[in-house]
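First the structure, in the form of structure tokens, and then the observations on it.
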Amino acid sequence: METGLITPSSELKRTPNLGQALLVIVGTALLIGIGFGFYKVKVEVLLVAATTLTGCMAWWLGLGWREMQAGMMQSILKGLPAMLIVVIVGALIGSWLAAGTIPMIIYYGLGMISPRMFLVTASLATGVVSVLTGTGYGTIGTVGVAFMGIAHGLGVPPGQAAGALVAGAYLGDKISPFAANANLVVAVARVNIYDHIRHCLWTSLPAIAVGLAVYACVGLGTNATAGGVFAADDNVRAVLAKNFNFSPWLLLPPVITLAGMAGNRPVLPGMLLSVAAATVVAVTVQQMPLTEALNVTVSGYNPHTGLPLVDKLLAQGGMEAMMHVTLIALCAFSFSGLLQKAGLLEPVLKPLFKFTTTTGRLVGATAASCVVVEAMTGSAFVCILLPAEIFAPAYRRLNLAAKNLSRTIGDCGIVGVPLIPWSIAGAFMSGTLGVPVTDYAPWAIFCYAGLGFTLLAGFTGFSIAPRIRDDETQPGS
């Protein structure tokens, strides 16, 4: 069966063994985990260092520079379509903000708060905002802070409130087409972003439903009453209404995007059409100068609403902002290509293939590796990069679509990181909301419920998709 690996070079003078392969792979995991998790060294630098380490091993095995470079270029070329989509996503976010599309949806979403059903509405509101903005951090740092103020006024236990908010915020990190983590996982797994999102719904919707059901049951037993505690929320809505002209035309850009998703049309043309429509709406409805509307797609939206909370929430987007994710992907592909060209993945994959002979075992092994890596490193980036590269050939060998792999990483890796107290995500959520990770983790139900549904899908075969084409970055794969 085809594994999808780059063919090892014929120039190799020595055949790599399992010990040498593990030295490079485990060394890379420790390098990134310790360097990024504890010393806050940029991931890009660490990936370059990991590639250098791999290059030294490849040289010892007999690989010349030309072959090393060829391996890196082959890997980069395979990931180029995904990297282009990541860049255009930046333009999409900026143009939607300038058009007023995202601000309008946030405005009406915040108006749905129900005192008795606070946990439900808080989780839904942060979920909507995170999906629209693609940032769990930004959502918690803005809307999350406002909701925590409301929770204190209503007497909602801080752990419950923070857990519901974190759960909603990480919905976007997993399934938003604008999220850096979602775009990185589809880039590394080489999957179409919309196919990935649709496939994730099979496990995400039940996980969300379980969380909302628990929140609803808890909320029905509260005695919360409305009062002056909604002042912060009302202030945000008033500022949004003052700074943007709301109109049905503002829904045109997302309608175009959704139509492209529903019709399995090519991603890039649909995104570019949505950007163009949003730019026209920004000029005609929001009265933004054309030059400024065009520049927003590159440098991002820079609001001046007069309320720092709103400015922080809406200061997003632009192709320049997505170059960070693109650079990480570029470095990761270089590392992966060299690893494969030196034949250092094959010694690891042989015993892995012997164990992962069924879909259930493969999904279970992927999930376990994600949990172990996130517990060791506390890094979503490492949870994405290592399992995706190591397990991708095993999915191809069983003729399974790569979106099964990207979904498993999303369920067991991306959304689980804020539950790790020593992770950057956990520290940020805890510090911003003023609640210890151990207090909110049990209530961030979405962040761990997906793991159960992923394992259920793997061992029953429900919603597991077969691979239908070699290039899975194409729509409908």
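Rg(Cα) of the chain divided by 2.2 N^0.38 Å?
0.99
So, how do all the Cα-to-Cα distances of segment 336-477 break down into 10 Å bins, in percent, from 0 on up?
12, 37, 33, 15, 3
Kindly provide the Kirkwood hydrodynamic radius of segment 346-425 in Å, to one decimal, from all pairs of distinct alpha carbon atoms.
After inverting the pairwise mean of 1/r, the radius is 12.6 Å.
Only Cα pairs under 8 Å and at least 6 apart count here; give the relative contact order of segment 325-414 as a rounded whole percent.
Reported as a whole number, the value is 31 percent.
Between Thr284 and Val26, with labels modelled 7 Å along Cα→Cβ, what's the label distance in nm to one decimal, could you check?
6.2 nm
Mind checking the per residue accessible area of the chain for me, 1.4 Å probe, whole number of Å²?
Normalised by residue count, the accessible surface of the chain is 39 Å².
Out of Val188, Thr51, Tyr395, whose Cα points farthest toward the positive end of the dipole of the chain (charges: +1 Lys, Arg; -1 Asp, Glu; placed on Cβ)?
Positive-most Cα among the choices belongs to Tyr395.
Run the reach check for Lys174 against lysines, Cα to Cα strictly under 18 Å, same-chain hits fewer than 8 apart removed. What comes back?
Lys403
Between Thr291 and Thr7, what is the FRET efficiency for a Förster distance of 51 Å, r being their Cβ-Cβ separation, to the nearest 0.05?
Efficiency, rounded to the nearest 0.05: 0.55.
Return one number: the angle in degrees, 0 to 90 and rounded to the nearest 10, between the long axis of the Cα atoms of helix 158-175 and the longest principal axis of the Cα atoms of the chain.
60 degrees
Compute the long axis of helix 101-110 from its Cα atoms, compare it with the longest principal axis of the Cα atoms of the chain, and write down the angle in degrees, 0 to 90, nearest 10.
For helix 101-110, the angle is close to 60 degrees.
Can you work out the PRE-style zone for Arg14? Point 7 Å along Cα to Cβ, and I want the residues of segment 327-365 with backbone N under 18 Å.
339-348
Quantify, in whole percent, the carbon and sulfur part of the accessible surface of the chain (1.4 Å probe; protein heavy atoms only).
68 percent
Where does helix 43-60 land angle-wise versus the long Cα axis of the chain, in degrees 0 to 90, nearest 10?
So the inclination is approximately 10 degrees.
How much mean residue ellipticity at 222 nm does the chain get from its helices, if each DSSP H run of length 4 or more adds -39500 (n - 2.57) and you divide by all residues, to the nearest 500 deg cm²/dmol?
-23000 deg cm²/dmol
Exactly which trypsin sites (Lys or Arg not before Pro) in segment 1-91 are in a DSSP loop and have at most 14 other Cβ atoms within 10 Å?
Within segment 1-91, the qualifying trypsin sites (Lys or Arg not before Pro) (loop, at most 14 other Cβ atoms within 10 Å) are Lys13, Arg14, Lys40, Lys42.
In terms of the ratio Rg/(2.2 N^0.38 Å) built on C-alpha atoms, what value belongs to segment 234-306?
So segment 234-306 has a normalised radius of gyration of 1.24.
If I take R0 = 56 Å and measure r between the Cβ atoms of Ala259 and Val45 in this structure, what FRET efficiency does the formula 1/(1 + (r/R0)^6) give, to the nearest 0.05?
0.85
R0 = 35 Å: FRET efficiency of Leu272 with Leu456, Cβ-based, nearest 0.05?
The computed FRET efficiency comes out at 0.35.
Return the Rg/Rh value of segment 1-100, two decimal places, where both radii are evaluated on C-alpha atoms and Rh is the Kirkwood radius.
Value, to two decimals: 1.10.
Near the amide H of Leu400, under 5 Å away, which other amide H atoms are found, from residues 5 or more places off or on another chain, if H is placed in the peptide plane?
For Leu400, the qualifying residues are Arg467.
Any idea what the relative contact order of the chain is, in percent, if you count C-alpha pairs under 8 Å spaced at least 6 apart?
Reported relative contact order: 28 percent.
The values are calculated or read from the model by the stated rules, or taken from the named source; none is laboratory data. Quantities reported herein were computed from a predicted structural model and do not represent experimental measurements. As a convention, Cβ positions derive from the backbone with ideal geometry for all residues, glycine included, and neighbour counts pool all protein chains shown. Side chains are part of the model used for accessible areas, which takes the heavy atoms of the whole protein and leaves out ligands, DNA and RNA. Shrake-Rupley method; radii C 1.70, N 1.55, O 1.52, S 1.80 Å.
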